[in-house]
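Readers should treat all values here as calculations from the given coordinates under stated rules, not as data from a laboratory. Predicted, not measured: the structure shown is a model, and the values here were computed from it. No Cβ is skipped: glycine too gets one built from the backbone with ideal geometry, and neighbour counts run over all protein chains shown.
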Amino acid sequence: AILTSIVHYVMALAFAGWLVDLLLPFAGSSGQPERERPLPGYDIPRWLAAAFVVYVIVFTTMNWQLYHGLLVPHGDSAMYEEHLWNITHGKGFRSYLDQGLFLGEHIQVVHLLLLPLYALWPSHLLLELCESLALGAGAFPIFWITNRATGSRRCACFLAIAFLLYPPLQFLDIAADLKTFRPISFGVPALLFALDQMERKRVKTTLLLFALALSAKEDYAIILG
């Protein structure tokens with residue numbers, strides 16, 4: 001009820017922020033040449049590392065408990081494991097849920113990168129763990145980007161931890177309908193790491209990460225466009 005009542009204000013704030021960002025280049029400057037800030041490395045504060053570990057443990061545990069409690073519907077979650085199982089058993093990239101090649105429904109192949117791990121541990125639990133690890137790792141590029149923009153490690157750490165506490169991110173991890181594994185989730189950290197690499201002027205790595213995001217689902221084409 002609270003979210004429904006404040007959604008208009010949230011949208012208004014978002015549009016206001018975009019307008020400010022668009023108008024800033026036309027606002028003039030003080031005449032002082034802007035100094036380029038040195039690009040920090042890839043270090044992670046202990047507080048953020050601890051928050052990442054807590055996030056992964058909490059959401060992996062909840063997802064695994066849903067699995068052990070037989071509360072994961074077939075629908076999407078098990079279908080993606082079926083893709084991996086079929087490939088490792090020579091049946092191709094298909095699903096009996098769709099009665100044919102899955103690519104006829106979505107351009108979504110990022111979960112095939114889990115095949116080497118799946119060959120060692122063929123379990124749906126592995127997919128749940130990897131999804132929580134990937135989503136939690138999105139806090140790292142947020143820390144690096146914020147640290148460069150503000151010059152404050154404390155501010156960057158707080159924003160990165162806020163990302164881990166962000167309810168839509170958590171709903172994406174566990175899913176409101178309990179379809180607890182969705183390859184589209186891997187596009188979120190891919191985009192965040194891509195933005196970080198773009199600011200570091202690493203063009204090839206940025207393009208590679210953009211391609212990785214596109215492989216998570218065709219929806220990311222709209223965001224990249």
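Structure notes:
- Table column - 3J(HN,Hα) (Hz), segment 132-138, Karplus curve with 6.51, -1.76, 1.60, x for Gly and Pro: 5, 4, 5, 5, x, 5, x
- With Cα atoms as the point set, the radius of gyration and Dmax of the chain evaluate to 20.0, 66 Å.
- Cα shape, segment 144-225, gyration tensor, a/c 1.5 rule: oblate
- For K91, a cut-off of 15 angstrom between C-alpha atoms picks up these aspartates and glutamates, skipping any fewer than 8 places away in its own chain: E81, E82.
- The label point for A137 and the one for W85, both projected 7 Å from the Cα toward the Cβ, are 2.6 nm apart.
- At 0.692 mPa s and 37 °C, Stokes diffusion of segment 85-181 via Kirkwood alpha-carbon radius, µm² per second: 206
- Selected from C155, S95, L19, residue furthest toward positive end of dipole (the chain; charges at beta carbon): C155
- Each of I57, P141, L3 was scored by the projection of its Cα onto the charge dipole of the chain, and the greatest displacement toward the positive side belongs to P141; charges sit on the C-beta of Lys, Arg, Asp and Glu.
- Axis of helix 46-68 versus longest Cα principal axis of the chain: the two differ by about 30°, to the nearest ten degrees.
- Computed over neighbours whose Cβ is under 15 Å from that of M198, the net charge equals +3, Lys and Arg +1, Asp and Glu -1.
- Total charge dipole magnitude, segment 168-214, about the Cα centre, Cβ charges on Lys, Arg, Asp, Glu only, Debye to nearest 20: 260
- Nitroxide proxy distance, nm - points 7 Å out along Cα→Cβ at D219 and L24: 2.8
- Degrees between helix 139-150 axis and first principal axis of the chain (Cα, 0 to 90, nearest 10): 10
- Taking 0.36 nm per residue of sequence separation and removing the Cα-Cα distance, the V109/A1 pair yields an extension gain of 35.2 nm.
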